[in-house]
2 protein chains.
Amino acid sequence: MLPELKITPLRYVLAVVDQGGFHAAARQVHRTQPALSMAIRELENRLGEALFERGNQATLTPFGRYCVPRFRELLTQHDRLSGELVAQVERQAGHLDMAAVPSVASRLMPRLLADFVADYPGIRVSLHDGTADFVRDQVLAGEVDLGLTSLGEGNAALSFTPLLRDALGVVCRDDHPFAGREAVHWQELMGESLIGNGTSRLLQGTDAAALRDHHAFYISNMVSLTAMLVAGLGVTTLPQLAFPEEYQRLRFVPLSEPRVAREIGLLQLAGRSLSPGASAMADFITRALA
Amino acid sequence: MLPELKITPLRYVLAVVDQGGFHAAARQVHRTQPALSMAIRELENRLGEALFERGNQATLTPFGRYCVPRFRELLTQHDRLSGELVAQVERQAGHLDMAAVPSVASRLMPRLLADFVADYPGIRVSLHDGTADFVRDQVLAGEVDLGLTSLGEGNAALSFTPLLRDALGVVCRDDHPFAGREAVHWQELMGESLIGNGTSRLLQGTDAAALRDHHAFYISNMVSLTAMLVAGLGVTTLPQLAFPEEYQRLRFVPLSEPRVAREIGLLQLAGRSLSPGASAMADFITRALA
DNA sequence: GCAGGATGGTAAGTAAAGCTGATCAATCAG
DNA sequence: CTGATTGATCAGCTTTACTTACCATCCTGC
């Protein structure tokens, strides 16, 4: 019922007005002169009113004078939108929300983020950190585009892209016999005062599963855990990335047998596309950690 | 360089989103489902990013969610413009400026304008009145769309459409011998105290041209002229439309020989179209005075 | 587990739109 | 009058935008 205006003929009209003639306008829009004549004629027919005076060369009718500023306005809106979309697609603008476990957030992300914003200065990034469960829930709820976390139990709604393996090791104080050792066998831990923590579940299903029943304490909070270790109350197992390097008195010794590692990678909703910004981040991280 | 968005596919996308599926959307826009699938696919290719999740039914990608409100905005602008133009073309909105000589403005226009606004309630009309020279200059300068005036000397830039003939007659007081007569011959005026006025130039080139040299006075102002006539200082010639009917003591007697009339009609710029509103008025006046 | 009815995607064929190149009439400058 | 330039017109080609018909998949009810 309302006529559907096409963008191109409107542009032709403005070109004719701005250039003062069909030939010059045709050159500007990289078409031949008959193309403009016919397209504009078609537009006039659709509107039911002439835009240019017939016979007179490139002179607007009163109706044409009425239309031109309005055409220009619509074209401006169109070009603004078009440019905005291209900027998103080309990763020159946009934003993304991501979540990561604390060890990744504090040990990997600072460098990654700095490099990312250098490559994609137009993209705004929000980073939330929390436990692996928190990260998974945020991704599942669509609160964040991407999660950077360790692999939990499989979930059909989630897709996980492994990026690096984070080997489990023993953490002890610098005066402990393990300190300075190349590696430690799990059975050696059976005689130790062993402190459990949130990452201890990584042991289940491995040869060292028995250690889980051997905990003297269980401390979920990282600050408390390190305080215990510094105080010499015992040793614990931690993935290397979670080892708090800033404590001079603590040492990390790899576990030689069994070799246990958590798989760190990108978590996203399965079967769902990423926003252009999130996609840029996912590609960037994959490249950076490959 | 910037991709040129077409309006129709954007509308398809919104239909799919609003209807929750391609089939329902196709029904809404009176197309078949493959038409939408292909048009939207083409749009996605042009943008370089998917709008709907592949495989998933009618689910937007994050990029799609970003686009939809912007598409809706552009379509709103488009439809507003389209509707506005149609309203102009269909004479449901618009405006026009016209000029008329005082006799026409006061004797013909009141009725014409009342009928016009009844037919075209959306069109705003401005009416300026002035001498025939003023009307001609306003039309020539493009200050008004239409002039309603008597025919002056020909001008290639102007086009005149005659509408009615306004016969010249003698105006005298009710106690004058001419009062009540059927007609008067020009030679009878040679013995009278004759007052000239702006319309006296109509006599030139006629048998009665001699009367112009016979004026006792020349009064350009209409109010002064009628005052003179009412005071019985003489008689004058006037076109019938210019005869001030509201003065009970004045009488109008047609001039039988020569039959002189001014041609009243529409004046407009030659070779230039009228605005839709002006065109409505021109057609209306032509019909009304036919 | 298997028909029946949704979903959306794909392929082939068609009508129309959009463009080019050649040509034309009209206008204008030298 | 001539040569250049204006916009209009037409034939012919290419591309686009559809439609119809068909296919694979998924969900629902029996």
query: From B:94, B:152, B:55, which residue is at pLDDT below 95 and at positive phi?
result: B:55
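Condition check ((1) more than 30 Å from residue B:57 (Cβ to Cβ); (2) among the aliphatic types (A, V, I, L, M); (3) free of Cβ contacts under 8 Å to residues at least 40 places away in the same chain; (4) not assigned by TED's automatic domain parsing to the domain that holds residue A:157) across all residues:
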site: A:188; (1), (2), (3), (4): yes, no, yes, yes
site: A:207; (1), (2), (3), (4): yes, no, no, yes
site: A:213; (1), (2), (3), (4): yes, no, yes, yes
site: A:218; (1), (2), (3), (4): yes, no, yes, yes
site: A:228; (1), (2), (3), (4): yes, yes, yes, yes
site: A:238; (1), (2), (3), (4): yes, yes, no, yes
Residue identified as touching a Lys or Arg at 6+ places or on another chain (Cβ under 8 Å) and either outside any loop (DSSP other than H, G, I, E, B) or within 16 Å of DNA strand C (Cβ to nearest atom) (or both) among A:74, A:81, A:10, A:113: A:81
- request: Return the residue satisfying two criteria in turn: it lies in the range A:125-139 and is without any contact (Cβ under 8 Å) to a residue 60 or more places away in the chain and part of a strand (DSSP E or B), and of such residues it is nearest to residue A:85 (Cα to Cα).
  value: A:126
field: Matching entry among B:26, B:93 (being more than 14 Å from every other protein chain (Cβ to nearest Cβ) and surrounded by 16 or more Cβ atoms within 10 Å (Cβ to Cβ))
entry: B:26
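If only one of B:226, B:236 is closer than 19 Å to residue B:180 by Cα and in contact with a helix residue (DSSP H, G or I) (Cβ under 7 Å, 6 or more places away or on another chain), which one is it?
Numbers: B:226 fails: in contact with a helix residue (DSSP H, G or I) (Cβ under 7 Å, 6 or more places away or on another chain).
After applying the criteria, what remains is B:236.
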- request: Return yes or no: is residue A:226 hydroxyl-bearing (Ser, Thr, Tyr) and either at pLDDT below 90 or part of a strand (DSSP E or B) (or both)?
  value: no
- prompt: Among the residues of the range B:42-56 satisfying the criterion of being surrounded by 15 or more Cβ atoms within 10 Å (Cβ to Cβ) and within 11 Å of DNA strand C (Cβ to nearest atom), which is farthest from residue A:87 (Cα to Cα)?
  reply: B:53
message: What are the pairs with Cβ atoms under 9 angstrom where one residue, in the range B:40-57, is in a helix (DSSP H, G or I) and the other, located anywhere, is among the β-branched types (Val, Ile, Thr) and within 13 Å of DNA strand D (Cβ to nearest atom)? Sequence gap at least six, or different chains.
response: B:40/B:13; B:43/B:13
- request: Return only the number of the condition from (1) touching a residue at least 40 places away in the same chain (Cβ under 8 Å); (2) among the aromatic types (Phe, Trp, Tyr); (3) within 14 Å of chain A (Cβ to nearest Cβ) that residue B:116 does not satisfy.
  value: (3)
- prompt: Is it true that residue B:5 is within 12 Å of DNA strand D (Cβ to nearest atom) and either in a loop (DSSP other than H, G, I, E, B) or on the phi > 0 side of the Ramachandran plot (or both)?
  reply: yes
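Within the range A:16-35, restricting attention to residues that are more than 9 Å from DNA strand D (Cβ to nearest atom) and closer than 13 Å to residue A:59 by Cα, which residue is farthest from the chain's Cα centre (by Cα)? Lay out the reasoning, then the answer.
Of the range A:16-35, the ones more than 9 Å from DNA strand D (Cβ to nearest atom) are A:17-18, A:27-31.
Checking the rest, the ones that are also closer than 13 Å to residue A:59 by Cα come to A:17-18.
On the way: A:17: 46, A:18: 44 Å.
Restricting to residues being more than 9 Å from DNA strand D (Cβ to nearest atom) and closer than 13 Å to residue A:59 by Cα, the top hit is A:17.
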- line: Counting only residues in the range A:57-90 that are within 16 Å of DNA strand D (Cβ to nearest atom) and more than 24 Å from residue B:78 (Cβ to Cβ), the one surrounded by the fewest Cβ atoms within 10 Å (Cβ to Cβ) is identified as A:57
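Would you confirm whether or not the range A:15-36 contains a residue that is closer than 19 Å to residue B:82 by Cβ and touching a Phe, Trp or Tyr at 6+ places or on another chain (Cβ under 9 Å)? Talk me through it step by step, then tell me what you get.
Within the range A:15-36, the first condition is being closer than 19 Å to residue B:82 by Cβ, and the residues that meet it are none.
Looking through the range A:15-36, none of the residues is closer than 19 Å to residue B:82 by Cβ and touching a Phe, Trp or Tyr at 6+ places or on another chain (Cβ under 9 Å).
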message: Looking only at the range B:230-282, how many residues end up being closer than 18 Å to residue A:50 by Cα and either more than 14 Å from chain A (Cβ to nearest Cβ) or polar (S, T, N, Q) (or both)?
response: 4
- prompt: Under the condition of being under 15 Å from residue B:84 (Cβ atoms) and of a type in the set (Lys, Arg), which residue from the range A:57-89 is nearest to the other protein chains (Cβ to nearest Cβ)?
  reply: A:70
Residues that are farther than 19 Å from residue A:78 by Cα, in contact with a Leu (Cβ under 9 Å, 6 or more places away or on another chain) and more than 8 Å from DNA strand C (Cβ to nearest atom), drawn from the range A:24-37: A:25
Residue tally, condition at the interface with another protein chain (Cβ under 10 Å from one of its Cβ atoms) and surrounded by 18 or more Cβ atoms within 10 Å (Cβ to Cβ), over the range B:8-23: 2
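Go through the range A:190-205 and report how many residues are closer than 21 Å to residue A:153 by Cβ and in contact (Cβ under 8 Å) with a residue 12 or more places away in the chain.
The initial filter retains those residues of the range A:190-205 that are closer than 21 Å to residue A:153 by Cβ, namely A:196-205.
The next check asks that each one be in contact (Cβ under 8 Å) with a residue 12 or more places away in the chain; those that pass are A:196-200, A:202-203.
Number of matching residues: 7.
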message: residue A:1 - would you say it is among the aliphatic types (A, V, I, L, M), more than 12 Å from DNA strand C (Cβ to nearest atom) and surrounded by fewer than 16 Cβ atoms within 10 Å (Cβ to Cβ)?
response: yes
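The values are calculated or read from the model by the stated rules, or taken from the named source; none is laboratory data. As the structure is a computational prediction, the values presented were derived from the model and not from experiment. Glycine also receives a Cβ, built like all others from the backbone with ideal geometry; neighbour counts cover every protein chain displayed.
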